[in-house]
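Would you mind keeping the following structure in view while I ask a few things?
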Amino acid sequence: MVNLKDYAPFTGLLIFGNIENLILASQGAVAHVNPFILGGLSLIAVVLWLLLGTYGTKIAIKYADYIEIIGGVAIIILGIQSMLEAFGIL
């Protein structure tokens, strides 16, 4: 049985990862990407991350702090990149 306490250290990544997914989806919409292809690829990515997270949590729990820091930095960098592209700077 899955225990939600196992996932507690990754709560921040879950929240900000979903926000980043919305940012990337909006970038795709602005770039006029086919929404069906974008939606399909997003679903595939979500399912892969769900499987990886479900089976990798027990292994990765001892590295949760490092994973959260690296994931947070990646989310911030991608967010800044999308804002710069939105303003036409990149």
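Given the Cα-Cα distance of I37 and Q81 and 0.36 nm per residue of separation, how much length would full extension add, in nm?
Numbers: separation 44, 0.36 × 44 = 15.84 nm, distance 2.25 nm.
Here the segment from I37 to Q81 would lengthen by 13.6 nm.
Another question, then. Under a point-charge model restricted to the Cβ atoms of Lys and Arg (+1) and Asp and Glu (-1), what is the dipole moment magnitude of the chain relative to its Cα centre, in debye to the nearest 20? Each step should come with its number before you reach the end.
Details: 3 positive and 5 negative charges, 46 e Å.
The dipole of the chain has a size of about 220 debye.
For semi-axes √(5λ) of the Cα gyration tensor in Å, several values are listed as (1) 31, 16, 8; (2) 45, 31, 14; (3) 28, 17, 8; flag the one computed from this structure.
For semi-axes √(5λ) of the Cα gyration tensor in Å, the calculated option is (3).
Just the number please: accessible area per residue for the chain, 1.4 Å probe, all protein chains included, in Å².
On the way: 7210 Å² over 90 residues.
Ligands and nucleic acids excluded, the result is 80 Å² per residue.
In addition: What FRET efficiency would be calculated for the residue pair Y66, A45, taking the C-beta separation as r and a Förster radius of 25 Å, to the nearest 0.05? Walk me through the numbers before you get to the answer.
Details: r = 22 Å, r/R0 = 0.89.
With R0 = 25 Å, the Cβ-Cβ based efficiency is 0.65.
The values are calculated or read from the model by the stated rules, or taken from the named source; none is laboratory data. Computed from a prediction, not measured in an experiment: that's the story for all the values here. Neighbour counts are summed over all protein chains in view; Cβ atoms, including those assigned to glycine, are modelled from backbone coordinates with ideal geometry. Note: accessible area is taken over every heavy atom of the protein model, side chains too, but ligands, DNA and RNA are not part of it. Shrake-Rupley method; radii C 1.70, N 1.55, O 1.52, S 1.80 Å.
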